[in-house]
Each structure stands twice: as structure tokens, then as C-alpha cells.
Amino acid sequence: MVIVFVLVASLVLAVVVTANWYVWRRLFRDTTSGPGLVRRAGAVLIAGGWVLAITALVAERSGAPFWLQQVLAWPGFLWLALSIYLLLAVVAGEIVRPLLRRFLDHRARRTDQGPHGRSTDTGAPAAATPAPEPVTAPAAASRPGTPATPPPSRTDQAPGTEGAPGTDGVPGTDGVPQRLTTADPAPAPAAPAGPSRRLFVSRVVAGAAAAAAVGTVGYGTYGVLRGPKVRRVTVPLAKLPRAAHGYRIAVVSDVHLGPVLGRGFAQKVVDTINGTQPDLIAVVGDLVDGSVKDLGPAAAPLAQLRARHGSYFVTGNHEYFSGAEQWVEEVRRLGIDPLENARREMPYFDLAGVNDVAGEDEGQGPDFAKALGDRDTARACVLLAHQPVQIHDAVEHGVDLQLSGHTHGGQLWPGNLVAAGANPTLAGLDRYGDTQLYVSRGAGAWGPPTRVGAPSDITVIELASKQA
């Protein structure tokens, strides 16, 4: 078992190192003409970002001083998100790169051909030049009485000049016979060349990739910090009495109060929930990432939650990383009723809750028999269970509607592909036999305070009676 773990860890490390080397190469090595400060700075940026990210994760899990967690969390967790989208953008750039080079090559060929489609490069025939005027005898020979002097013959040329290029038997200024020629003058020295086309393309693609990654992470972070939006979903229940038609349950999950999302974020969540004027509030796990000692003040606004039939809470897996027993007592102190494998008979239906499966390691796992075993099956039943995988037990126990979270809807695309493979339902309303399952994307975020392709939400479930 240890050998398998070491092999998997080595493979993961190799993949991460290779991916980061590839990003460094495309963003820094390929965009510079040689070793220098830019390449070294790029290596420091990427390596330093990962050091911060790993340190932030370790600090949160090990219970490091909360101020240290807060210092490390923002840069470390944001780097995790940024590294994902830098890699994706650089990979996408491999498609753009050959297209851009082909476009530049085509434009260069058109420029070389000139405005009429004819080539203008130095290899093309030069334009005709006027023929030189005939060389005449010196002016003295044309005066009257001056005998004409015949031009020198080739035998009169200086030794060594016979057939030499550039000579034609005409005396030069230095006394050496030279030839008058119509050849083009020597070309002017070429201007210093700019960056090569390959380097230019690399810089354009790298700049676009970096801008796309930063923009994506920036917008996704803004979406989380702005607070969750309200979704409204109607769920018909066959056993729900007519008097309960339109009953509203506000479902909030995965708030993840911690070193990044604190008291201000909790207040936004509370204000949003209260603004829906629900009949009942269901907090379905992963409320916090940290101890009561560190996050008690951040969770304090939850005491302001208001609903006609109260607020209820079940644990998520992150509560068991943060001291579940202490948090159960804390939410009770804040006026929220924790359902630890328990049930409450509401006016129109039964409301039950089970612990998260992560509690099994502490002897506090889900107990469906305890929560549902002796209930009146003629009444409709709504179950709070953090993870969607608990739906199969809910079906066996005749639950009408299960409310869950946990998945975050994938949080960071393409993480939704992984999350969809690990959960029966990624987000939204689904049906399993006679049981319906609704999965919220969650109000907050874990790790990077960023969401891409999976916006945060608080859902108002409006129950509908089929008897109405």
C-alpha cells in the first residue's frame, strides 16, 4: 500500500513539475532572446507561487496561527486558480500559434509582391536604366588643328588588367584603366533587424494567455466576493398537503467561512437569505474551514437568520476537519437547530437530517435508521444530507426530497468534469425513483475564492402540492 502511495505521489509530482516547466517555457523562455532577468523572474514567480499555495493548505489543516493563515491564504489560493488557467490558456495558444504565423507569412508575401501583385524583392529583375552616353575623345581632340588621338588598344592597357572586372581601357583618375559600367550602385547597409517572427508570435500568444488567465481569475473572484445569487426552484411532492403549497425552504451550503471569507461574507449570506423571506432555512454542511476559536466572530451574523419555522443545520465533511462537536454547539448557540441523525415533525412534512459520511472516522457517521426509521411514511419527508452520494440510502428509506451541496458545481471549470464523475448529480434537481435530489452549487468557495462556470447560489425551494 505504501509503495502504491509513493508511486502515485511521484506521478502527480512529475505531472505538476512538467506542467509548470511548460508554462514557464511558453511565458518566459520562448518570449526572450536569451537567458536573463526575465527568465529568472519567471522561475521565481512560478516556484514561489506553489510554495505559497502548499504552505497555505498546510497552515489551514495544521491549525497554524490564524493571522498566518490569512496572510498565506490570499496569494497562495489565488495562485492555485491562476496556475490552472495559465496552463489552459497556454495549451489553447498552441492552436493559435500556427494560425498566427501563417497569417503573418501570408501578409509578408503580399507585401513583397507590391501593390500590383508583382514581386519587389531584390531577386526580381531590376528596372531598366538609361544606357550611358557614348564615351567621346577628350575635348582637346575636337578643337581645330588638334590631331585626333585614337583610343588606346588593349595591348596598351596596364599589365594585369586584361579582362579584369571593372576595366575597359578607359583611363581612371589614378592612371589605371577603368570600365564605365551601368551596374546598380552598392546596396545601402541593412537596418538592424527587429525581433524574429517566431519571437513576435511567442510574445503575442504569451501575452494573450496571461491576460486571459488573469481576467478569468479576476472575474471569478469578483463573483464570489460579491455574494451568492438567489435561485428559485419549484419541487412538486405527491404527499404534500394542499395547505403547504408554495412552502419556501432557503437552502444554503458550502459557505466555507475561513481565512479568506470572513464575517463580511457571512453577513452578505444572511442578508440574502432573509431577503427571500423563507418559511424554513436549511444549512446543509461545510459552513466553516477552521476552529470555533478562530472563526466564531466570523460566524456570528448567522444569529440574525430569520424564518417562520426556524433554521436547521447538518454537518459537512469540512466540519470534521474543523472540530465538528464544537461547531454543532456553536450553531446551536447561534439559534440554528443541528440535526444529528435526527428528525423534526414540521406542520406539513417531516424534516430529517443525517451527519456527513466523513464523520464515520470519528464514530459520528450518518444513521438513516435513527433519523427515519420510525416515521409516518404517509407524510412527505425532506432530508438534509451534505453529500449527493447519500441519495441511495435516502431512496431506500422512502425520502421524498433530499437537499445537498458539497459539489460546488465543480467551482473551477473544467473541475466540473471531475466532480460529475464523483457525484450522482453535480447541481440542480434530479430524480432517483420516487425520491428527488436537489444539489446546490454552494454560497462560498473552498481554496481559491474563485468560481468559473459554476456561480454561487442560495436556492429557494418552493414546494408544490400535487393536490392543489
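The values are calculated or read from the model by the stated rules, or taken from the named source; none is laboratory data. Here the structure is a predicted model, which is why all the values come from computation and not from measurement. Cβ sites come from the backbone with ideal geometry, for glycine too, and all protein chains shown count toward neighbours.
Of all the residues in segment 354-399, those that are part of a loop (DSSP other than H, G, I, E, B) and of a type in the set (D, E, K, R) number 6.
Filtering segment 354-364 to residues that are more than 15 Å from Leu384 (Cβ to Cβ) and either surrounded by fewer than 18 Cβ atoms within 10 Å (Cβ to Cβ) or β-branched (Val, Ile, Thr) (or both) leaves Glu360, Asp361, Glu362, Gly363. Does Arg242 fit the bill of being surrounded by fewer than 16 Cβ atoms within 10 Å (Cβ to Cβ) and among the basic types (Lys, Arg)? Yes; evaluated as a whole, the condition is true for this residue. Restricting segment 405-443 to residues that are touching a helix residue (DSSP H, G or I) at 6+ places or on another chain (Cβ under 9 Å) and of a type in the set (S, T, N, Q) leaves a set whose member that is farthest from Tyr219 (Cα to Cα) is Thr435. When segment 6-24 is filtered for residues that are loosely packed, with under 12 Cβ neighbours inside 10 Å and either farther than 15 Å from Ile84 by Cα or of a type in the set (A, V, I, L, M) (or both), the ones remaining, listed by number, are Val6, Leu7, Val8, Ala9, Ser10, Leu11, Val12, Leu13, Ala14, Val15, Val17.
So that you can scan it fast, the table gives a plain yes or no per residue for (1) over 25 Å from the mean Cα position of the chain (by Cα); (2) outside any strand (DSSP E or B); (3) among the small types (Gly, Ala, Ser); (4) closer than 24 Å to Gly409 by Cβ:
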position	(1), (2), (3), (4)
Val235	yes, no, no, yes
Val251	yes, no, no, yes
Val260	no, yes, no, yes
Val270	yes, yes, no, yes
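Examine segment 37-44 for a residue that is hydrophobic (A, V, I, L, M, F, W, C) and closer than 19 Å to Val91 by Cβ, and state whether such a residue exists.
No.
Output the residues belonging to segment 203-227 that are in contact with a Leu (Cβ under 9 Å, 6 or more places away or on another chain) and either in a loop (DSSP other than H, G, I, E, B) or among the hydroxyl-bearing types (Ser, Thr, Tyr) (or both). Of everything in segment 203-227, those that are in contact with a Leu (Cβ under 9 Å, 6 or more places away or on another chain) and either in a loop (DSSP other than H, G, I, E, B) or among the hydroxyl-bearing types (Ser, Thr, Tyr) (or both) turn out to be Thr216, Thr221. From the list Leu426, Leu463, Leu437, the one residue that fits, being under 19 Å from Gly285 (Cβ atoms), in a strand (DSSP E or B) and touching a residue at least 12 places away in the same chain (Cβ under 8 Å), is Leu437. Please work out if Gly421 is out of contact with any Lys or Arg (no Cβ under 7 Å at 6 or more places or on another chain), modelled with pLDDT under 95 and farther than 30 Å from Val71 by Cβ. The answer is yes for Gly421. Gly42: in contact with a Ser or Thr (Cβ under 7 Å, 6 or more places away or on another chain), buried (at least 17 other Cβ atoms within 10 Å of the Cβ) and either on the phi > 0 side of the Ramachandran plot or modelled with pLDDT of 95 or more (or both), yes or no? Here the answer is no, as Gly42 does not meet what is asked. For segment 25-34, the condition holds for at least one residue, the condition being that it is exposed (fewer than 10 other Cβ atoms within 10 Å of the Cβ) and under 22 Å from Val201 (Cβ atoms). The conditions of being among the basic types (Lys, Arg) and either within 30 Å of Trp327 (Cα to Cα) or under 32 Å from the mean Cα position of the chain (by Cα) (or both) are met by Arg197. Just one of the listed residues (Gly48, Gly93, Gly76) is at negative phi, in contact with a helix residue (DSSP H, G or I) (Cβ under 6 Å, 6 or more places away or on another chain), part of a helix (DSSP H, G or I) and free of Cβ contacts under 8 Å to residues at least 60 places away in the same chain, and it is Gly76.
Selection within segment 298-353: residues that are in a strand (DSSP E or B) and either out of contact with any Lys or Arg (no Cβ under 9 Å at 6 or more places or on another chain) or of a type in the set (Phe, Trp, Tyr) (or both). The member of this set that is surrounded by the most Cβ atoms within 10 Å (Cβ to Cβ) is Val314.
Residue-level check: of (1) modelled with pLDDT of 95 or more; (2) in the same structural domain as Gly410 (by TED's automatic domain parsing), Gly215 misses just (2). Here Leu86 fulfils each of the conditions (1) under 18 Å from Leu257 (Cα atoms); (2) under 15 Å from the mean Cα position of the chain (by Cα) apart from (1). Can you confirm whether segment 340-350 contains a residue that is within 18 Å of Asp254 (Cα to Cα) and touching a Phe, Trp or Tyr at 6+ places or on another chain (Cβ under 8 Å)? No, the conditions are met nowhere in segment 340-350. Selection within segment 45-56: residues that are of a type in the set (A, V, I, L, M) and surrounded by 16 or more Cβ atoms within 10 Å (Cβ to Cβ). The member of this set that is nearest to Ala209 (Cα to Cα) is Ile46.
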